[in-house]
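Presented below is the structure to which this report refers.
Readers should treat all values here as calculations from the given coordinates under stated rules, not as data from a laboratory. In this text the structure is predicted, and so the values were computed from the model without any measurement.
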Amino acid sequence: MENSVNQEEMAMLELARSGDTEALEYFFSKYQSVIYWKSTQYFLQGAERDDLIQEAMIGLFKAIRDYDESKEASFRSFAEMCINRQLLSAVKRASRQKNIPLNNSVSLDTPMAEDDVDWTLLDVISEKAAETPEDFLIK
């Protein structure tokens, strides 16, 4: 029985690699519980849970692309490892110091107050008060 399931999964794997969307959907639905479970174990600053789920799905896609049947590992083990690595890479990328300005930035289209949608931050900033780099250099 294990061989027939394994052969079926290998056939679906080949279809997924060739771009068959139904085969890809098969793997994403089969490993959906793994994706959700693994994504709950991590936290990304400035991101939502859906972002982590998307990263886990990228990890599964990479597992589909890179799995080598000649190795002794099962596809499930390889997929879980790829999902973990993708999630860890996302957490490391998010925690780098270079992302601090991006994670803490505020949109210029943000309303000044929650109940006031007429005035945005961009409306408050005066063009006359703003100094251009040329003006700064001249001074």
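Where does the chain land on Rg/Rh, using Cα atoms and the Kirkwood Rh? Rg/Rh for the chain comes to 1.25.
Ignoring everything except DSSP H segments at least 4 long, calculate the 222 nm mean residue ellipticity for the chain; use -39,500 (n - 2.57) per segment, divide by total residues, nearest 500.
Numbers: 8 runs with 87 residues, N = 139.
Only helices count here, giving -19000 deg cm²/dmol.
Relative contact order of the chain, taken over Cα pairs closer than 8 Å and 6 or more residues apart, is 17 percent.
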